[in-house]
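Enquirer: I'd like to ask you about the structure that follows.
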Amino acid sequence: MENQYAIEMLNITKRFPGIIANDNITLQLKKGEIHALLGENGAGKSTLMSVLFGLYQPEEGVIKKDGKVVQINDPNDANRLGIGMVHQHFKLVECFSVLDNIILGVEPNKMGFLQKDEARKKVMELSERYGLHVDPDAIIEDITVGMQQRTEILKMLYRENEILIFDEPTAVLTPQEIEELMQIMKGLAKEGKSILFISHKLNEIMEVADRCSVLRKGKYIGTVEIANTTKEELSRMMVGRDVDFVVHKDPAKPTDVVLDVQHITVASKAHSNNAVKDVSFQVRRGEIVCIAGIDGNGQTELVYGISGLEPLKSGKILMDGEDITKLPIRKRSVDGMSHIPEDRHKHGLVLDYTLENNLVLQRYFEPEFTNAMGFLRKDNIRKYAERLIEEYDVRSGQGPITPARAMSGGNQQKAIIAREIDKNPKLLIAVQPTRGLDVGAIEFIHKQIVAHRDAGNGVLLVSLELDEVMALSDRILVMYEGEIVGELDPKQTTVEEMGLYMAGAKRQ
Amino acid sequence: MKEKRSLLRNDGFQTFAASVLCIVLGLIVGYLALLIINADGAGKAIMSVIKNFFNKPTSAARLKYFGQTLAKTAPLLLCSLSVLFAYKVGLFNIGAAGQYCLGVALALYLGICKQWPWYLCLICGICAGSISGAVCGILRAYCNVNVVISGIMLNWISLYGTNMLLKPAMDPAGKDTFRLVSKAKQALLPTLGMEKLFNDKYVTIAIPIAILMAIVVWIVLDKTKLGYELKATGNNLNAAKYCGMKENRNIILTMVIAGGLAAMGGALYYLSDFTQWNVNSSSVPGMGFNGIAAAFLGGLNPIGSIFSSFFITHITDGGGYVDLSHYCAQIADFISAVIIYLCGFVLFFKTFLNSRLNKAEERKIEKARALAAAETNKGGKA
Amino acid sequence: MLLLIQYTLIFASVLLLVALGGCVSEHSGVINLGLEGIMVMGSLGGALVMRFLPYTATMGGRFGMFFAVLCAAIIFGVVYSCLLAVACINLKADQTIVGTALNMLGTALATVAVKSMNTALNPDDHSSEIKYINAKKAFLTNIGKFELNWFMIVAVILLVVVFVLLYKTKFGLRLRACGEHPQAAASVGINVFKMRWAGVLISGLLGGVGGITYITAGVSTWKFENGVAGFGFLALAVMIFGAWDPFRIAGAALLFGLFRALGNVYNAFDFLKAMNIPSGVYNMLPYIVCLIVLAFTSKKSRAPKAEGIPYDKGMR
């Protein structure tokens, strides 16, 4: 009897100091199917994939390819077995051409000299056959994210991989690009490739997958046929309880304008165009205004412009009627602006500092923490830190003296949120405040943000997660290619409509 | 939750252990080199390097040479503080050597040619080093020039500049500058009676000043708002900018202070008249580079620097006592270079030690858990 | 004038060789601040051969001497660069400290070695000098008044070789991938450690050849206490100015070589002599030019992205 499975991971257990990342997990991928792997952040998906690629050796369990047990010691072994992966963060060399990236590692050569013509021909053929349009000579950093992803797919096809793994492939795509990707995946499955699709987005799984395996907190929950299940059931399997996606909040009662952005333009660091083009909007006290959009459409630069991290090319910013366009960052902060940054490691924390020192990062210079001689008042810093840790439930190994580096992502984020909200700012700018956090932490952070609004302050939220946008915002502004292309009311609009704006297919 | 942590876990202890390990390995490598050169006298030679002033026969002479070692420690300590201070702010001040030269240049020029008193010479010397540091800092902050490369370039510029400036102060009898004793007594550093204590006129206030600076650097880095800002800038430039610190100002200020410290070392050393500047010198003085060694060997701690500076001076001086018919004094430089090389592994050593400790601890916990499980099982059965 | 060209070319060759070394190493992702020390070791290797290998002025003798010197410089440079590779690649040590340590160690080691050798041969000789007046003639050819140093040709050949290696071969593609995005390289089965080792060893080779070229430029004795006067760092500046591109590096090397040569031969130019600028200024000139050039070019320079960051398998 012919084996129907392309790859099987049977009873895999992988332990790390302190935690069991994979606890007796079984995953069987049939030939020619699209198999979804569903789980929250930290459910053990990436560990399982690292085991499959030989980056970790499991303590227990075996991997079978076509029914035979195989030993995978490093990514090369996985490659030889025909397993390829499109990583969530693309593994592309940015200053290389598309072609160079595709052939890297399996370069056609004569005595070590590259033979690119051959490779080019093969790439063009593959690109025709699967409808993956790329320009082989374009440099990666100049092309769109969608095209970069197609390059990654071509990389796998060029290696004649049979088992294709897509790790959260839709996070950075527009709804239209997602649709295109779904078609490509279906086409690949039809050609006999076996696809493992890692995601936590239920809609996409329902649309494209044949079967779905669910992980939760390192444990295997089960495998279901998509045809016989519902979104609700999958969601229950994923989080272990009925989640309610709705954040409880009263209707907004907006009052005075706290932030008035007038025709601002911000240059881009990545390319010669402006990242933010002539953008104007207002935020009032008592409302949450959300900037929605696909990653890389100018949201980051917009926030840099408002917070003062980047200078404006033109335009004006008023806070509470006062012109703050030229004010330094410190002055803006003292005047009542708080900023929960997008990248907590890049901007939000000094990782080598202790938790307590990070908690006073925005106010260490106040008389409470520095005396007239310029000496730090460490006892006050300790007291303050202990209060915030208590109030915001920031957990860490050694309390105030834990190095920030040693804390979990969720608790790092909680520390930043505690620091920024406790300043009691009249304007809170929160960029992707819940990225990479588990459900509990997300709920907590959402509550804090709503409470801050209800206390009569303005909130500007930037988020890529449509669910979060829909749940939290009182008004939605959609950004596309550096411009605000629409203002929507979350009660009147749908995710689909928002998608059209985000993709530039519709504008007001 | 507070646990009692073992001594091995203590960061300070780990740093200390790593430094001692570096020293021991460095000496072993030095000994091996001596063995290769000439096996017969190697043991005696390495002992004379380690003994330094203890090689002297009488206790009075030992005290005198101990004083001289201290006098040479002072400038090295200041150079190492300069390197350390910049390193804490994420900058590698390899330019300490050049800043040191400039300190010497201004101090001697003003002392000998202008007959200024010692304190003005000292202050102007410090300023010269600070300005050179500022150039490095400005280039780093506004032009993104790597401080290592600009530091090296400034080292050579400073060296030739110093030679040019000190030409008029040259004693025609040789290639060196005049002795201060003969031409510029007003520029000599006061000794506060330590001269008598050690019976050596080179033991001056430079030594207490240097130690005082180490304490000041420690306080500034550890206890003040300035230190908080500077270290934050060094650890994460973006975060510093994000929370409104003036990150460029902080970089420049750091280099100004670091430059001043190194220059202070140079000025103090030459104003003690211990040595004279050779106006044809064609290599950058090693003091700045040894400062790097001392800073890292001291575990990047200002107080640690006091001891590591003394140790490095001690063995460098000790190099002078080897039997010159077979060996050369530079064996000591060789040993300190090996020690710095090994200092590069301190982080590796600590990670290694910690992971070993973690593993051991885990095994203990696992065992305890298994034991507890067995207990409950028994309990359940009973 | 001819003398100026000759000096310019020889100093440019040194800078080119060493800068190419830095360039290959940085493309693989390791900042090689120890080039200065590697040059010293390379020059020591070559000098020892010139000191001890008997020299005959026949064509065969000349080639023999030349290759022996070249090989010795290469071996010394490569072996010495292993110290950097072990520390920075396998043990993930701080690349700046290790580089600096290697520079100090290079000079100290060479001084100790040469001094003990001299003392062993003659108990009264405590100098750190090696003389090689005769042997050096092996690779000097006079074309008219122009003295061609064979190492100039070596530099040009190695320039082409490095270019082809980096941009036309499988090896070069992989090497550059390791310096830009080692995780990407590892994900397609490239052994990042091996490639980085290769990068560092090649830089050792080029640095070693650069070192021997340097001590045969214009002088015929070398005092090893002096090291190589910051040339390793000048070469790094040349590399940055040359934007990590071999041919641009060659251009930059010529420019810096010119300023360095001026210090040696400014006396031959009447108008320069008439200006009566102290010699110290000429000595400073290359370093000053370097600072100015860096100030204007560093802002937009694009270094290999992952350089200086130790590669860790666990990090993804």
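Enquirer: So which lysines can C:K136 reach, going by Cα to Cα under 29 Å and dropping same-chain residues fewer than 8 places off?
Expert: Correct list for C:K136: C:K115, C:K145, C:K223.
Enquirer: Another one. Hey, fewest Cβ within 10 Å first, where do C:S81, B:S283 land in order?
Expert: Fewest-to-most Cβ neighbours within 10 Å comes out as B:S283, C:S81.
Enquirer: Hey, with R₀ at 25 Å, roughly what FRET efficiency would A:Q508 and A:Q262 work out to, going by the Cβ-Cβ distance, to 0.05?
Expert: With a Förster radius of 25 Å, E is 0.85.
Enquirer: While we're looking at this one, here's another question. Using DSSP to define loop residues, name the GluC sites (Glu not before Pro) in region A:2-96 whose beta-carbon has at most 11 other beta-carbon atoms within 10 Å.
Expert: Taking region A:2-96 and a limit of 11 other Cβ atoms within 10 Å, the loop GluC sites (Glu not before Pro) found are A:E2, A:E59.
Enquirer: If you count, for every residue in A:88-100, the Cβ atoms of partner chains within 10 Å of its Cβ, what is the mean?
Expert: So the per-residue partner count for this stretch is 4.
Enquirer: Out of every Cα-Cα pair in chain A, what percent are more than 34 Å apart?
Expert: Here the tail beyond 34 Å accounts for 44 percent of pairs.
Enquirer: Hey, another quick one. Give the calculated FRET efficiency between B:I215 and B:K185 to the nearest 0.05, with a Förster radius of 30 Å applied to their Cβ-Cβ distance.
Expert: Efficiency, from the Cβ-Cβ distance: 0.45.
Enquirer: For chain A, what does -39500 (n - 2.57) per DSSP helix run (n ≥ 4), summed and divided by total residues, give at 222 nm, in deg cm²/dmol to the nearest 500?
Expert: So the helix-based figure for chain A works out to -9500 deg cm²/dmol.
Enquirer: Quantify how strongly other chains surround peptide A:359-368 by giving the mean number of their Cβ atoms within 10 Å of each of its Cβ atoms.
Expert: Other-chain Cβ atoms within 10 Å of each residue's Cβ, averaged: 3.
Enquirer: Would you work out the charge dipole size for region A:338-459 about its Cα centre, treating the Cβ of every Lys and Arg as +1 and the Cβ of every Asp and Glu as -1, and quote it to the nearest 20 debye?
Expert: 160 debye
Enquirer: Ok, one more. Setting aside same-chain residues fewer than 8 positions from C:K299, which lysines have a Cα under 21 Å from its Cα?
Expert: Counting by Cα, and skipping residues close in sequence, C:K299 has these lysines nearby: A:K269, A:K313, A:K346, B:K241, B:K246.
Enquirer: Right, something else. For the charge dipole of chain A, defined by +1 on Lys and Arg C-beta atoms and -1 on Asp and Glu C-beta atoms about the Cα centroid, which residue among A:L488, A:I20, A:C212 has the Cα displaced farthest towards the positive pole?
Expert: A:I20
Enquirer: R0 = 35 Å: FRET efficiency of C:L121 with B:N354, Cβ-based, nearest 0.05?
Expert: The value I calculate is 0.10.
Enquirer: Where a ≥ b ≥ c are the square roots of the eigenvalues of the C-alpha gyration tensor, would you call region B:128-199 rounded, which needs a/c under 1.5, or, failing that, prolate if a/b is larger than b/c, or oblate?
Expert: Oblate, since a/c reaches 1.5 and b/c is not below a/b.
Enquirer: Taking each residue in B:349-359, count the Cβ atoms of any other chain within 10 Å of its Cβ, then average. What number comes out?
Expert: 1
Enquirer: In straight Cα distance, which aspartates and glutamates are under 18 Å from A:K491, not counting same-chain residues fewer than 8 positions off?
Expert: Cα-Cα hits under 18 Å: A:D244, A:D250, A:E287, A:E465, A:D467, A:E468, A:D474.
Enquirer: Under the classification rounded if a/c is under 1.5, otherwise prolate if a/b is larger than b/c and oblate if not, where does region A:146-294 fall, given a ≥ b ≥ c as square roots of the Cα gyration tensor eigenvalues?
Expert: Because a/c hits 1.5 or more and a/b fails to exceed b/c, region A:146-294 counts as oblate.
Enquirer: Please get the size of the charge dipole for chain A, origin at its Cα centre, with Cβ charges of +1 on Lys and Arg and -1 on Asp and Glu, quoted in debye to the nearest 20.
Expert: Approximately 980 debye in magnitude.
Enquirer: Restrict the search to region B:4-100; then list the trypsin sites (Lys or Arg not before Pro) that DSSP places in a loop and that have at most 13 other Cβ atoms within 10 Å of their Cβ.
Expert: For trypsin sites (Lys or Arg not before Pro) across region B:4-100 that sit outside H, G, I, E and B with at most 13 neighbouring Cβ atoms in 10 Å, the list reads B:K4, B:R5.
Enquirer: How far is the Cα center of region C:151-199 from the Cα center of region B:198-215, in Å?
Expert: Rounded to whole Å, the Cα centres lie 53 Å apart.
Enquirer: Here's something else I'd like to know. Suppose every Lys and Arg Cβ carries +1 and every Asp and Glu Cβ carries -1, with no other charges. What dipole size does region A:67-127 come out with about its Cα centre, to the nearest 20 debye?
Expert: 180 debye
Enquirer: B:Q276: net charge of surrounding residues, Cβ under 12 Å, Lys/Arg +1, Asp/Glu -1, itself excluded?
Expert: 0
Enquirer: With a ≥ b ≥ c the root eigenvalues of the C-alpha gyration tensor of region B:243-382, is it rounded (a/c under 1.5), prolate (a/b larger than b/c) or oblate?
Expert: In terms of gyration-tensor shape, oblate.
Enquirer: Can you pull out the trypsin sites (Lys or Arg not before Pro) in region A:247-307 that DSSP calls coil and that have at most 10 other Cβ atoms within 10 Å?
Expert: The qualifying sites are A:K269.
Enquirer: Sticking with this structure for a sec: Select from B:V145, B:V284, B:V135 the residue whose mean-square fluctuation is largest in a Gaussian network model of chain B (Cα-Cα springs shorter than 10 Å).
Expert: Maximum fluctuation in the GNM of chain B, among the listed residues, is at B:V145.
Enquirer: Continuing with this model, one more query. Roughly how many whole Å is it from the C-alpha centroid of region A:128-190 to that of region B:13-63?
Expert: 64 Å
Rule-based calculations on the coordinates, nothing more; no lab input. All figures in this text were calculated on a predicted structure; none of them were measured in a lab. Methodologically, a virtual Cβ is constructed for each residue, glycine included, from the backbone with ideal geometry; neighbour enumeration extends over all protein chains shown.
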